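Written out below as structure tokens is the structure these notes cover.
The values are calculated or read from the model by the stated rules, or taken from the named source; none is laboratory data. Because the structure is a prediction, the values reported are computed rather than measured. Using ideal geometry, Cβ is built from the backbone for each residue, glycine included, and neighbour counts are taken over all protein chains shown. Please note that ligands, DNA and RNA were not included when accessible areas were found on the heavy atoms of the full protein model with its side chains. Shrake-Rupley method; radii C 1.70, N 1.55, O 1.52, S 1.80 Å.
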Amino acid sequence: MEITPRAISTINFADVTSPGKVLINVYRADTGKPVDAKILISGGKVSIVRYLQVSTAYTDVENIGKAELNLAPGTYTLTVSYGGGFISKPVVLKDVKVESGTTLKYTVSIDILVKPKELGWYSADLHHHSHILDGRTPPDYLVVAQSAAALDFVIVSDPDSVVNYKEISYWAENRN
């Protein structure tokens, strides 16, 4: 469609479809307990406006191990990981066919291959900023992201600020 000065144009959005929903429950295979997870989303329809398209999601802040993704109709690959590449291998869900107005449900069991704590090892991300100054991650999602990486300690390194201390402590305690 070409838009010209002083022209009147009508656009029909009849071909726009609603998203479909993908529900994912993520558990540790060895304990059966739900865990936070990182979900990489690839495939599907590429949005003209790239910032509207999500390529990384996490499980819910309030409900550990549960993710609800609203995706445009299309076929996706979803890569679900908890400590992926460190203590476990990511689980890949291929050919996830999302249709408008439908809901798909998946249960993902993560096999833990290495247990560093049993060897006296612990892990942490020593340089992670929240949304203070030069960072962008809200405190609750900072904790979820670190938990999804299977880190043992939550550390935030905001320069010259402890304003998020209480909220980060709350979410960290919530995830033990």
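Relative to the longest principal axis of the Cα atoms of the chain, helix 139-148 runs at roughly 70 degrees.
Taking only protein heavy atoms and a 1.4 Å probe, the accessible area of the chain is 54% carbon and sulfur. Taking a ≥ b ≥ c as the square roots of the eigenvalues of the alpha-carbon gyration tensor, the chain is classed oblate because a/c is 1.5 or more while a/b is no larger than b/c.
Within the chain, the longest run free of exposed loop sites, counting trypsin sites (Lys or Arg not before Pro) that sit outside DSSP helix and strand states (H, G, I, E, B) and have at most 10 other Cβ atoms within 10 Å, spans 7-135. Note on the chain: helix-only mean residue ellipticity at 222 nm, from DSSP H runs of 4+ residues weighted -39500 (n - 2.57) and normalised by residue number, equals -3500 deg cm²/dmol. Computed on region 93-176, the Cα convex hull volume stands at 165 Å³ per residue. Which whole number in µm²/s is D for region 72-111 by Stokes-Einstein, with the Kirkwood Rh taken over Cα pairs at 4 °C and 1.567 mPa s? D = 114 µm²/s. Considering only alpha-carbon pairs that sit under 8 angstrom and 6 or more positions apart, the relative contact order computed for region 73-145 is 23 percent. The Cα center of region 6-33 and the Cα center of region 64-94 differ in position by 15 Å.
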